[in-house]
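Quick notes on the structure that follows.
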Amino acid sequence: MLGINRKLQELEQQGKVINVGLVGAGQMGRGMVAQIEGMKGMRVVITADIQVENAVNAYKKAGVAADQIVETTNLEEAESAVSLGKVVSTSSSSLVTALPSVDVVVDATGVPDIGSRIAWDTIMNKKHIVMLNVEADVTVGPLLKQLADSSGVVYTGSAGDEPGAVMELNDLADASGFEVIALGKGKNNPLNLEANPDSVAQVAAEKGASPKMIASFQDGSKTMVEMTAVANATGFLPDKPGMNGLTGEVKDLPAMFRSIADGGQVQNKQIVEFVNGVAPGVFAIIASDQEEVNHEMKYLSMGDGPYYVLYRPYHLTSLETPISVARAYFYGEATIAPWKGLVAETVTVAKRDLEAGEHLDSIGGFTVYGSILEAEDAKEKELLPLGLVDRNVRVNRAIKKGEYISYSDVTQTKESFIWQLRKLQDDTLQ
């Protein structure tokens with residue numbers, strides 16, 4: 001957001017900083033710690049990871065001296081360290097959410113059940129929460145947002161994550177008076193519904209990334225989840241179950257998003273979509289019914305209309321998260337949130353034939369992938385949200401590859417926290 005740099009400079013000149021608490025010191029978390037360490041007016045004062053050495057290494061890689069890193073799970077010791085200008089590494093996420101000096105918490109775990117607990121605890125402690133965990137958001141985000149609103153704090157997705165980057169374009173177009181026809185993102189690898197941690201192991205090693213994360217990109221689950229978040233923020237819907245998965249370059253987008261009857265490739269307006277060939281960018285397809293506006297767009301080399309494309313050729317993921325932190329702190333505003341409620345749902349699909357009694361794994365694993373549907377359709381068919389899938393869920397009948405998995409198809413061996421929140425959401429938010 002314009003001016004945040006100056007607000008941060010002013011804060012630092014006053015001898016203050018925004019104290020950030022981070023949970024999850026993986027690739028995204030490490031990048032965010034390093035980015036914030038070079039910023040004015042903000043610092044990650046405590047980082048938690050189940051493997052505490054990851055939190056310690058995140059600080060060391062960001063240039064923090066070892067004698068300035070205090071490892072503890074004790075609240076008083078952690079608060080004392082922060083007051084002395086030191087940083088804290090811990091294995092306890094509850095210490096991050098409870099620490100009085102923390103202003104904003106960032107969840108970078110990527111695990112839906114853990115992320116939902118972090119968000120809940122953060123809001124209960126009257127702190128703003130930034131979710132680098134879209135999987136949790138599309139599952140229980142409407143409930144968490146309502147809770148945050150009632151508590152006077154901000155619940156938000158992250159700038160730089162693709163849903164946040166899409167919202168930047170949507171808000172610009174909408175505020176400027178354009179009609180927004182479609183919102184979408186590029187996919188930077190061919191859709192492979194069978195991708196799993198083993199099949200992507202080499203790619204993951206080359207990128208220094210988690211095999212499960214790479215598999216969730218390739219099998220489309222991450223794309224489905226991200227566009228579900230956009231749908232729940234805007235009210236836009238997938239053009240069809242799973243979206244179309246179009247292919248083209250940026251210059252092709254305006255024509256592609258005309259209706260099929262007009263020579264395009266889609267059936268509806270106000271849709272979410274992904275396009276092969278424009279990654280890593282995000283886009284908004286816009287239009288105007290004003291003659292002078294269309295004349296100006298042509299003058300500005302935006303094309304001949306009637307549709308135009310706003311395209312952002314990058315998203316910096318966790319490196320832009322500090323913008324959402326600052327926006328929540330200074331303005332009490334979310335970058336992206338499920339303002340429209342549960343409009344779309346990412347549901348669970350069998351990645352291979354499953355046997356009765358078999359346990360599922362998780363997003364980016366061997367057993368399931370996600371597909372976006374209208375929420376009403378998913379509700380009518382009682383389909384299982386992908387964010388509820390973990391190793392405590394087993395199927396109670398044989399399920400064929402490519403088949404939707406419903407609530408009645410599964411049994412829990414242990415109820416997770418996110419299941420409890422989802423039940424509460426389903427019971428209270430209609």
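The values are calculated or read from the model by the stated rules, or taken from the named source; none is laboratory data. Not measured: the values here are computed from a predicted model. Because the Cβ atoms are built from the backbone with ideal geometry, glycine has one as well, and the counts that use them run over all protein chains shown. Just the protein is used for accessible areas: all its heavy atoms, side chains included, with ligands, DNA and RNA removed. Shrake-Rupley method; radii C 1.70, N 1.55, O 1.52, S 1.80 Å.
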Set of aspartates and glutamates with alpha-carbon distance to Lys60 below 14 Å, sequence-local pairs under 8 removed: Glu37, Glu71
Per DSSP, loop trypsin sites (Lys or Arg not before Pro) in segment 69-155 with at most 14 further Cβ within 10 Å: Lys126
For Asp262, solvent-accessible area (1.4 Å; no DNA, RNA or ligand), Å²: 110 Å²
Carbon and sulfur %, accessible surface of the chain computed with the full protein complex present, 1.4 Å: 48 percent
Helical mean residue ellipticity (222 nm; -39500 (n - 2.57) per DSSP H run of 4+; nearest 500) of the chain: -11000 deg cm²/dmol
Percentage relative contact order, the chain, counting C-alpha pairs under 8 Å, at least six apart: 17 percent
Part-to-part distance (alpha-carbon centres) for segment 98-115 and segment 244-264, which is given in Å: 40 Å
From the C-alpha gyration tensor of segment 161-206, square roots of 5λ in Å: 35, 11, 7
Inter-label distance for Lys423 and Leu172, nm, one decimal - labels placed 7 Å from Cα along Cα-to-Cβ: 4.5 nm
Nearest-10 value in Å² for the accessible area of Trp120, using the 1.4 Å probe: 60 Å²
Cross-link pairs Lys212/Lys400; Lys187/Lys240; Lys40/Lys86; Lys16/Lys86 - those with Cα-Cα distance over 20 Å: Lys212/Lys400
Span from the segment 17-72 Cα centroid across to the segment 331-401 one, whole angstrom: 32 Å
Model label zone, Lys381; criterion: amide N under 12 Å from point 7 Å along Cα-to-beta-carbon; scope segment 388-430: 402-407
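Trypsin sites (Lys or Arg not before Pro), restricted to segment 336-430: which are DSSP loop and have at most 10 other Cβ atoms within 10 Å? Please list the in-between numbers first.
Values: sites: Lys340, Lys351, Arg352, Lys379, Lys381, Arg391, Arg394, Arg397, Lys400, Lys401, Lys414, Arg422, Lys423; in loops: Lys340, Lys351, Arg352, Lys381, Arg391, Arg397, Lys400, Lys401, Lys414.
In loop regions of segment 336-430 (DSSP not H, G, I, E or B), the sparsely surrounded trypsin sites (Lys or Arg not before Pro) are Lys400, Lys414.
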Accessible area per residue in Å² at 1.4 Å probe, computed on the chain: 43 Å²
Rounded accessible area of Glu292 (nearest 10 Å², 1.4 Å probe): 130 Å²
Among (i) 24.7, 81; (ii) 21.7, 67; (iii) 22.7, 88, the entry derived from the coordinates for Rg and Dmax of the Cα atoms in Å: (ii)
